[in-house]
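Beneath this line is the structure, given in structure tokens, with notes to follow.
The values are calculated or read from the model by the stated rules, or taken from the named source; none is laboratory data. Since the structure is predicted, the reported quantities are computational estimates derived from the model, not experimental observations. Neighbour counts run over all protein chains shown; Cβ positions are idealised from the backbone, glycine included.
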Amino acid sequence: MPYSKTAASTIQPDWVRVTEAAARLDVHPKTVYDWIRNGTLPVRSIKLGAVVRVDRRQLEAYMDKRATKVKTSA
């Protein structure tokens, strides 16, 4: 089967760099690394050489959950 970017993107999750995740969460990238390591940020991550990538869908789910908690706390 020939490679298809569309087919590959439906099979594999979108991965974002820790720096992008940090920007979206409005925290320092080191905080994201710490949260991944200690379980505060419950997302799948992969290490590609020196670069760590985070599953975009899980990051978005975490952000939605965090936003819901903030709204109910206010």
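Results for (1) in a helix (DSSP H, G or I); (2) at pLDDT 85 or above; (3) crowded, with 16+ Cβ neighbours inside 10 Å; (4) among the hydrophobic types (A, V, I, L, M, F, W, C), shown as yes or no for each residue.
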residue: A7; (1), (2), (3), (4): yes, no, no, yes
residue: T19; (1), (2), (3), (4): yes, yes, no, no
residue: W35; (1), (2), (3), (4): yes, yes, yes, yes
residue: T40; (1), (2), (3), (4): no, yes, no, no
residue: K69; (1), (2), (3), (4): yes, no, no, no
residue: T72; (1), (2), (3), (4): yes, no, no, no
note = Of the residues in the range 14-52, those that are without any contact (Cβ under 8 Å) to a residue 40 or more places away in the chain, closer than 21 Å to A67 by Cα and β-branched (V, I, T) number 8
query = Considering the range 42-66 alone, what residues qualify as being assigned to a strand (DSSP E or B) and touching a strand residue (DSSP E or B) at 6+ places or on another chain (Cβ under 7 Å)?
reply = S45, I46, V51, V52, R53, V54, D55
